[in-house]
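The values are calculated or read from the model by the stated rules, or taken from the named source; none is laboratory data. The shown structure was predicted, so the numbers you read here are calculated from the model rather than taken from an experiment. Cβ atoms come from the backbone with ideal geometry, glycine included; neighbour counts cover every protein chain shown. Side chains are part of the model used for accessible areas, which takes the heavy atoms of the whole protein and leaves out ligands, DNA and RNA. Shrake-Rupley method; radii C 1.70, N 1.55, O 1.52, S 1.80 Å.
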Number of protein chains: 2
Amino acid sequence: MTEAVAMRPTDAAALIADMGTRARAAAARLAGTPTADKARALVEAAKAIRTQGEAILAANAGDVARAQANGLSAAMIDRLTLNPARLEGMAAGLEAVAGLPDPVGETIDETRRPNGLILQRVRVPLGVIGIIYESRPNVTADAGALSLMSGNACILRGGSEASASNRAIHAALLDGVRAAGLPDDAIQLVPVTDRAAVGAMLTAQGLIDIIVPRGGKSLVARVQDEARVPVLAHLDGIVHLYIDGAADPAKALPLAVNAKMRRTGVCGATETILIDRAYAAPQPILAALIEAGCEVRGDGAIQALDARVKPASDNDWDCEYLDSIVSVAMVDGIEAAMAHIARHSSHHTDAIVTEDQAKADRFLSAVDSAIVMHNASTQFADGGEFGLGAEIGISTGRMHARGPVALEGLTTYKWLVRGSGQLRP
Amino acid sequence: MTEAVAMRPTDAAALIADMGTRARAAAARLAGTPTADKARALVEAAKAIRTQGEAILAANAGDVARAQANGLSAAMIDRLTLNPARLEGMAAGLEAVAGLPDPVGETIDETRRPNGLILQRVRVPLGVIGIIYESRPNVTADAGALSLMSGNACILRGGSEASASNRAIHAALLDGVRAAGLPDDAIQLVPVTDRAAVGAMLTAQGLIDIIVPRGGKSLVARVQDEARVPVLAHLDGIVHLYIDGAADPAKALPLAVNAKMRRTGVCGATETILIDRAYAAPQPILAALIEAGCEVRGDGAIQALDARVKPASDNDWDCEYLDSIVSVAMVDGIEAAMAHIARHSSHHTDAIVTEDQAKADRFLSAVDSAIVMHNASTQFADGGEFGLGAEIGISTGRMHARGPVALEGLTTYKWLVRGSGQLRP
């Protein structure tokens, strides 16, 4: 790899222009590649991940040692670290994507016009996907697999701390791509990890069709701020769980604890709980959260229920803690809850707990978020849990795709018009 | 209107921020407005257009007189001019949109997960649409109607040369909106026509969800260049008609003439004809075009067929003439034709004429344009002709919507998740 790096243009814009041009050519081939060939590439890549497991783990050990020497945080080192189980998870993930239904070629709709023209909308790949990520090396495999299976070429730019791991995983992916007779440029890894390459990707209009940032808030914010290429992402997951007066306490309490505490670092974790003043048993929910190790920050009414509740500041209602902290407010019914959500939600996921179907329907209809739930844990906000098989990310944007995005979200469509010589009058 | 203008903030960014905030509030109401109420607003607006016809024509006459005094081109004055027939067309257009199927609330798909969760993707409006247009006052009615019927609020910014006409049409639309009990801010007209307001719209992220530019190439180019808000548009319509060796001359000749000459100023007009060297009767096509008043610019092989053919320069293959001019090249079969198209097409509409179904399928599958046609005139590239009832525009972008965009293209979706207390393990 080092040789290849040295031979490529060092100027970031020229590098990305070159990679983008090659990706565009590969995309033209991938668009017409049969499902079986794409699947075969991923199955062969999974095999390569397994047979090259030692080399990948050794490369990763080098990354981890450098990260430790550089004083990276324990959380970052955990995200960076591979082990045999994680490696097997990566290989199994490639096989799972290989087994997903291929959206490319699917006919979305078909009409016959009075003049005899037959119109079809048929799904086609988006083209070239740019993925910008941080320390998790498994994104190399996941994002590469989803891009390839949806017929797209991709340009992967991982974090510098994972560069040896990413190169090793990319080599295994390339083995799969080659085994299936697909072009090398189907999955490219940016060989340099300086920030200039990111900037060049974000402005590569015409060469990169969509950018997917995978990582922390500062990365996503920078990408959304600088990108001239469309971005598919979510910045925040300020997720609300509203416990209605008509909620069943036997459901509400475990839902609140699961939605907040199952995993606190995921974007679908609840950050604010809104409790209807009419709800019968608010205190046990607070107690259960506190006893599960959660810091509860409440408004005055919530503080009055339990001495262990800390006061919430104005800032708490706009906070994505991604930690064992929750803000809790007492509200006067569903409309007040929805007004709070409209003001503070990041339009990712919001949920209602109630046994009143009319209120559930009102909430599902009126709350304007990518995912709106009734009597379910917000932690289900995930492409795998939604049956999509995988996800490239969750979108809180309104254009193109919303919520969990997997293969279909990486496609667009074209109109096919079949005639028999029709002239327009 | 003049008073209202004077009371509003004069600073363009503050003006658009204010209008955007009010549009956002209106959009929240429109998202839940029943189809019948939206349709009623448009039917009442059509009535108002008719009853206020004299006032609208008088306002328009003022605009036309100013345009003439300012020496605007005859083509621009034609686009600007209203008459009773065009006014009736506008009213009938509003009624037609009122009769279209409402995409909002439509369930795109529904799945039941093994854990009992029921997932639905349901169409919802995009939110706030910004429309930036030039001298055609009918866009005020068309774009306002499509936005409203799809449950979106809109902010209309028409050209200064049409400002009196636009205010008069907007007043009639507002009468309809009020008659149906919908908020005034559902359809707003920017009360100033300086360029700063356009700049403010293009950067109103969070307030305007999508910008649709309607007008000439310089407007669209500026919008695409400056916008930070997503843009739905096409810049060029460099449309190709490929006449294959297996084409039926009885179809190919009239298709070529219709595709080029029916109306030369529309984006679906053919600009380049590619003729397979194996095609039997190329000269009659050239002759028919020339006799229909078209200037034919050909490569060497085409020039050799007819002395009236002028030489094409390199630049001709990338030209959208929008005029009675066509560039014609001789190619060696379908693959050469597709290579030419891949290099020069603007990915708007490209067509093949052939009786060979395998070649037709190859072309439909491999040509990467928003619309790909077989044995049909490229002039059919139009939302109305596609049965969409109307169109807000044609998109050559790959994200969100491609080709003619009408009501469905102005929607997004949200995920509804219905549970019975499911916790994520």
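Here are the numbers:
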quantity	calculated
Residue that is farthest from A:PRO101 (Cα to Cα) [pool: residues in the range A:338-347 that are surrounded by 19 or more Cβ atoms within 10 Å (Cβ to Cβ) and either among the polar types (S, T, N, Q) or within 11 Å of another protein chain (Cβ to nearest Cβ) (or both)]	A:MET338
The range A:185-199, residues that are in a helix (DSSP H, G or I), of a type in the set (A, V, I, L, M, F, W, C) and either more than 17 Å from A:LEU219 (Cα to Cα) or not assigned by TED's automatic domain parsing to the domain that holds A:ASN166 (or both)	A:ALA186
The lone exception for A:ARG297 - which of (1) open to solvent by 30 Å² or more (accessible area, probe 1.4 Å); (2) part of a helix (DSSP H, G or I); (3) touching a strand residue (DSSP E or B) at 6+ places or on another chain (Cβ under 9 Å) it fails	(2)
Candidate set: the range B:387-414, residues that are facing another protein chain (nearest Cβ under 7 Å) and either in a strand (DSSP E or B) or open to solvent by less than 10 Å² (accessible area, probe 1.4 Å) (or both); chosen: the one farthest from B:GLY89 (Cα to Cα)	B:LYS414
Candidate set from the range B:200-231 (those that are in a helix (DSSP H, G or I) and open to solvent by 30 Å² or more (accessible area, probe 1.4 Å)); member that is nearest to B:CYS319 (Cα to Cα)	B:LYS217
Residue match in the range B:78-92 (condition: assigned by TED's automatic domain parsing to the domain that holds B:LEU146, closer than 30 Å to B:ALA196 by Cα, assigned to a helix (DSSP H, G or I) and in contact with a helix residue (DSSP H, G or I) (Cβ under 8 Å, 6 or more places away or on another chain))	yes
Members of the range A:375-412 found to be hydroxyl-bearing (Ser, Thr, Tyr) and outside the structural domain of A:VAL257 (by TED's automatic domain parsing), listed by number	A:SER395, A:THR396, A:THR411, A:THR412
Options A:GLN303, A:GLN357: the member that is open to solvent by 50 Å² or more (accessible area, probe 1.4 Å), within 14 Å of chain B (Cβ to nearest Cβ) and free of Cβ contacts under 8 Å to residues at least 12 places away in the same chain	A:GLN357
Candidate set: the range A:85-121, residues that are within 13 Å of chain B (Cβ to nearest Cβ) and within 30 Å of A:ASP18 (Cα to Cα); chosen: the one surrounded by the most Cβ atoms within 10 Å (Cβ to Cβ)	A:VAL104
Within the range B:360-381, tally of residues that are more than 7 Å from chain A (Cβ to nearest Cβ), open to solvent by less than 40 Å² (accessible area, probe 1.4 Å) and either part of a loop (DSSP other than H, G, I, E, B) or farther than 11 Å from B:TYR242 by Cβ (or both)	2
Whichever residue in the range A:153-173 is without any contact (Cβ under 8 Å) to a residue 40 or more places away in the chain and in a helix (DSSP H, G or I) and, among such residues, is surrounded by the most Cβ atoms within 10 Å (Cβ to Cβ)	A:ASN166
Count of residues meeting criterion [within 19 Å of A:GLY397 (Cβ to Cβ), within 19 Å of the chain's Cα centre (by Cα) and not small (Gly, Ala, Ser)] in the range B:224-247	5
Matching residues in the range A:243-263 - criterion: being aliphatic (A, V, I, L, M) and assigned to a helix (DSSP H, G or I)	A:ALA250, A:ALA252, A:LEU253, A:LEU255, A:ALA256, A:VAL257, A:ALA259, A:MET261
Enumeration of residues in the range B:59-73 that are open to solvent by 50 Å² or more (accessible area, probe 1.4 Å), assigned to a helix (DSSP H, G or I) and touching a helix residue (DSSP H, G or I) at 6+ places or on another chain (Cβ under 8 Å)	B:ARG66, B:GLN68
